[in-house]
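Novice: My questions will all concern the structure given below.
The values are calculated or read from the model by the stated rules, or taken from the named source; none is laboratory data. Here the structure is a predicted model, which is why all the values come from computation and not from measurement. Every residue, glycine as well, gets a Cβ built from its backbone with ideal geometry; the counts of neighbours run over all protein chains shown.
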Amino acid sequence: MAYGIARCSKRSQTWLMMMVILPFWTSFLIRIYAWIGLLSRQGVVNNLLIHFGIIEEPLQLLSTNFAVSMGIIYCYLPFMIIPIYVSLQKIDISLIEAAFDLGCRPLQAFWKVTVPLAISGIISGSLLVFIPAMGNSLSLICSVGPIPL
């Protein structure tokens with residue numbers, strides 16, 4: 001996502017980054033309650049699936065690993081996107097063009113030029129996400145108890 005935003009026009013970048021940052025303007029609890037409304041048995045997701053004939057009766061989406069994963073990803077994705085976006089913005093596009101001139105295919109240029117130059121943003125984003133996610137996981141484990149193996 002950060003790579004896609006960094007490669008857009010300046011005007012598009014502004015709007016796309018606004019969409020990434022916009023959820024921070026609302027309370028964390030309100031955002032989580034919105035997910036509850038989306039994933040409940042009478043929620044938007046189940047209603048759409050029933051309407052399009054994909055399922056016949058509502059699915060249990062809340063209190064599942066899927067719901068927890070979606071909540072964590074939604075809450076911490078901006079903390080990963082922003083540092084990676086900033087590091088990708090600093091990359092000189094002529095370095096990628098030089099890789100193409102030297103025979104790299106697009107995927108090779110991405111892995112051999114872009115990723116090493118963006119590694120500082122990847123590490124920063126990983127730390128920004130890992131630390132609070134582990135805190136949430138530990139508080140969840142302490143409140144529920146040990147997970148049986």
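Novice: Go through the stretch 1-105 and tell me which helices (runs of 4 or more DSSP H), entirely inside it, have 1 or more residues that are surrounded by fewer than 15 Cβ atoms within 10 Å (Cβ to Cβ) and under 18 Å from the mean Cα position of the chain (by Cα). Give the derivation first.
Specialist: Working: elements: 2-6, 10-21, 28-39, 44-51, 65-89, 93-101.
Fully inside the stretch 1-105 and qualifying: 2-6, 10-21, 28-39, 65-89.
Novice: Could you list all residues from the stretch 119-149 that are modelled with pLDDT of 90 or more, among the small types (Gly, Ala, Ser) and within 17 Å of the chain's Cα centre (by Cα)?
Specialist: If the condition is that a residue be modelled with pLDDT of 90 or more, among the small types (Gly, Ala, Ser) and within 17 Å of the chain's Cα centre (by Cα), then GLY121, SER124, GLY125, SER126 are the ones that fit.
Novice: Collect the residues in the stretch 106-142 that are touching a helix residue (DSSP H, G or I) at 6+ places or on another chain (Cβ under 6 Å) and exposed (fewer than 11 other Cβ atoms within 10 Å of the Cβ), keeping them in residue-number order.
Specialist: Across the stretch 106-142, there are no qualifying residues.
Novice: Then there's this: State which residue pairs qualify: first residue at positive phi and without any contact (Cβ under 8 Å) to a residue 40 or more places away in the chain and inside the stretch 101-125, second residue assigned to a loop (DSSP other than H, G, I, E, B) and among the acidic types (Asp, Glu) in any location, beta carbons under 6 Å apart, and separation of 6 or more residues or different chains.
Specialist: Correct list of pairs: empty, since none qualify.
Novice: Can LEU16 be described as hydrophobic (A, V, I, L, M, F, W, C) and closer than 27 Å to THR114 by Cα? Can you show your working first?
Specialist: Values: hydrophobic (A, V, I, L, M, F, W, C): yes; closer than 27 Å to THR114 by Cα: yes.
For LEU16, the condition - hydrophobic (A, V, I, L, M, F, W, C) and closer than 27 Å to THR114 by Cα - is met.
Novice: Looking for whichever is touching a residue at least 60 places away in the same chain (Cβ under 8 Å) and not basic (Lys, Arg) here; the options are LEU38, LEU77, LEU48, LEU29. Which one fits?
Specialist: Values: LEU38 fails: touching a residue at least 60 places away in the same chain (Cβ under 8 Å); LEU48 fails: touching a residue at least 60 places away in the same chain (Cβ under 8 Å); LEU29 fails: touching a residue at least 60 places away in the same chain (Cβ under 8 Å).
So the residue among LEU38, LEU77, LEU48, LEU29 that is touching a residue at least 60 places away in the same chain (Cβ under 8 Å) and not basic (Lys, Arg) is LEU77.
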